[in-house]
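Below is one structure, written out as structure tokens, with a few remarks after it.
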Amino acid sequence: MQSVVLVGLMGSGKSTVGRALAVRTGVPFLDLDQVIVQRAGLTIPELFAAEGEDGFRVRETAALKDALFQDGPTVVATGGGVVTTESNRDALRRGNATVVYLEASPMELSARLGKDPDRPLLGDDPLGSLTELLEERADLYEAVAHHVLPVTSRPVPGVVDDLAHILGLDPVVTGPVFYEPVRVGGGRDYVVHAGHGVRHHLPEVVPATARRVAVITQEHLPWTVDPGIEHRVLHVPDGETAKDLRVVAEICGQLARWGMTRNDVVVGVGGGVVTDLAGFVASVYHRGVNVIHVPTTLLGQIDAAIGGKCGVNLPEGKNLVGSFWQPSAVLCDTETLTTLPEADYKAGLGELAKYHFLGGGRLDELDMAARVAACVRLKADVVADDEHESGRRAILNYGHTLAHALETVTGYTLRHGSAVAVGLPYAAEVARLLGRIDRDRVEEHFRVLDAYELPATLPDGVNHESLIQLFSRDKKALDGVTFVLDGPDGVESVRVDDHALLREAFKVYDR
Ligand SMILES: NC(=O)c1ccc[n+]([C@@H]2O[C@H](COP(=O)([O-])OP(=O)(O)OC[C@H]3O[C@@H](n4cnc5c(N)ncnc54)[C@H](O)[C@@H]3O)[C@@H](O)[C@H]2O)c1
Ligand SMILES: [Zn+2]
């Protein structure tokens, strides 16, 4: 690979994009302004005061030439004014590097930079100043650039993907990437990335204030991540036993001994077990640090890692200790699903089938990244309405009343997602018997299960009466059972008191 030099106005993302490209390509990264500051032992404002802009530009030219003519490729982010002198433009033209202009509109730049006190050049009218700067410099950027890359309204990972493409590098992200915003308010909104290879977006989503990253994962997982800054990998056991307060204490102890601070970040890489645990650790360590989830199971990507619920188990029951802790980003890398064991994949498909009836429509016709994105959007919408699970969030439990009872009677040998799959036609039949939906809609449930090759039959030997007994325990109802049922207004919670009807509905499986 050739060296790459990024040019463009302040705020166009040269450092962030450059650092991310460097991580992806394993090539060193140089921030030219930082090189100048280090060599001079003065900050940029101090340099301007002591030597004037001319003095600064002389140092800039020297640093630029060193960067361009050294051995081996480098990714170089330049200062916004680098193109204002002939000597720098000449160096850029002669250097053996691909120069890329990150082109952003003044509107976008002023929104990104706001009234940053560290950008005194912008004054009180950032939009006006940026418009003027761009008028002065646009031609100069274009004159030195081999490529112009528009970045307005584009997420950084997409820009890095395009840059890799321009440079003819093997793409780490293949296929479309979906960016699904999750709105939780209070400045905690975040974006879920879904696509093949999006784990490579990690450096772009680690908050700039972080100095260290603790990656929590499981030893046997075939997927690793590189956050692009100092990091440590902490392994937790496989299976539900990892969701244990003793494991939380052990991990927090390791973070403390390592010196993790409030500004640092936890990254959870794994299935729902890992993201539930990592989220909980992040919510309590130092009274809360940022967490980024990289879910590697289908269930994790469409369910566990979205919505902010996290926690661990007690001997007395599952998920009894936990918190609501929103991640700062979630990377749903569909490439990781390629190594998922069949049973885990099927369990994820059971949960996916549910989303067809929560407004997802023909999800089976989409490719995997689009499907994951659609489920994320559906869950995110529900969660945005009801972050703390007072009402609407209950609809995510479609198919779950029978599923929970089946998990109990089978002693949890049936996977949760597989139990949900079996529970869907039952919920449909209860709704039909109540006159809420017609026979075709019940059939649609079977069609979806067929499409995913999921069994639509009760496990052998389960007793209907004992399942009905368990329904009322599920939501601790005194009389009647709260079911989540499909109907003319979509899926909603409905109380069902009629045991005869609940018994009758089991006939749906006699096909
Ligand atoms: N927080 C929530 O809102 C929420 C929602 C649903 C489920 N959950 C929790 O999620 C957990 C279940 O999650 P799960 O089904 O992902 O189980 P899991 O995390 O145990 O993963 C299943 C198995 O697959 C392995 N694995 C994960 N990714 C892999 C990959 N890409 N390739 C190969 N192997 C891989 C894991 O190591 C594990 O052995 C439960 O603890 C449940 O309580 C939480
Ligand atoms: Zn579920």
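Values quoted throughout were computed directly from the atomic coordinates according to the rules given, and no laboratory measurement underlies them. Small disclaimer: the values here were computed from a predicted structure and weren't measured. Here the Cβ positions follow ideal geometry from the backbone for every residue, glycine too, while neighbour counts run over all protein chains shown.
Only the Cβ atoms of Lys and Arg (+1) and of Asp and Glu (-1) were treated as charged; on that basis the dipole of the range 3-171 about its Cα centre amounts to roughly 480 debye.
Distances between placed amide hydrogens fall under 5 Å for Ala329 paired with His293, all partners being 5 or more residues away or on another chain. Among residues other than Gly288 with Cβ under 14 Å from its Cβ, the summed charge is +2 (Lys and Arg +1, Asp and Glu -1).
In the chain, Cα pairs under 8 Å separated by at least six residues give a relative contact order of 10 percent. Placing a label point 7 Å from the Cα of Gln469 along the Cα-to-Cβ line, the residues of the range 391-423 whose backbone N sits under 19 Å from it are 401-413. Ranked from largest, the principal axis spans of the Cα set of the chain equal 88, 48, 42 Å. Relative to the longest principal axis of the C-alpha atoms of the chain, give the angle of the C-alpha long axis of helix 126-144, reported between 0 and 90° and rounded to the nearest 10°. Here the helix axis deviates by roughly 70 degrees. Taking a point 7 Å from the Cα of Thr457 along the Cα-to-Cβ direction, the residues of the range 405-438 with backbone N closer than 14 Å to it are 422. Basic side chains Lys and Arg get +1 at the Cβ, acidic Asp and Glu get -1 at the Cβ, and with that the dipole of the range 326-466 about its Cα centre reaches some 300 debye.
A straight chain from Ser323 to Arg257 at 0.36 nm per residue would run longer than the Cα-Cα distance by 21.3 nm. The calculated FRET efficiency for the pair Thr410 and Asp450, based on their C-beta separation and a Förster distance of 22 Å, comes to about 0.45. Amide H contacts under 5 Å for Tyr190: Val182, Val184, restricted to partners 5 or more places along the chain or on a different chain, H placed in the peptide plane at 1.01 Å from N. Here the label points at Thr84 and Asp125, each 7 Å from Cα along the C-beta direction, are separated by 1.9 nm in the simple model. When only the Cβ of Lys, Arg, Asp and Glu is charged (+1, +1, -1, -1), the dipole of the chain relative to its Cα centre reaches about 880 debye. Pairs of Cα atoms nearer than 8 Å and 6+ residues apart set the relative contact order; for the range 398-509 it is 30 percent. What is the range 175-337 by shape, rounded, prolate or oblate, if you read a ≥ b ≥ c off the alpha carbon gyration tensor as root eigenvalues and call it rounded for a/c under 1.5, prolate for a/b larger than b/c, and oblate otherwise? Judged from the Cα gyration tensor, the range 175-337 comes out rounded (a/c under 1.5). Each part gets one Cα centre, and for the range 439-474 versus the range 141-206 those centres are 41 Å apart.
Spatial offset of the range 208-261 relative to the range 1-34 amounts to 28 Å, using the alpha carbon center of each.
With R₀ fixed at 45 Å, the C-beta to C-beta distance from Lys507 to His235 puts the FRET efficiency at about 0.40. For the range 175-337, averaging the sequence separation of C-alpha pairs within contact (under 8 Å, six or more residues apart) and dividing by the residue count gives a relative contact order of 26 percent. Modelled spin-label separation between Trp223 and Glu46, with each label point placed 7 Å from Cα along the Cα-to-Cβ direction: 4.5 nm.
Return the calculated 222 nm mean residue ellipticity for the chain, to the nearest 500 deg cm²/dmol, obtained by summing -39500 (n - 2.57) across DSSP H runs with n ≥ 4 and dividing by the residue count. Rounded to the nearest 500, the figure is -13000 deg cm²/dmol.
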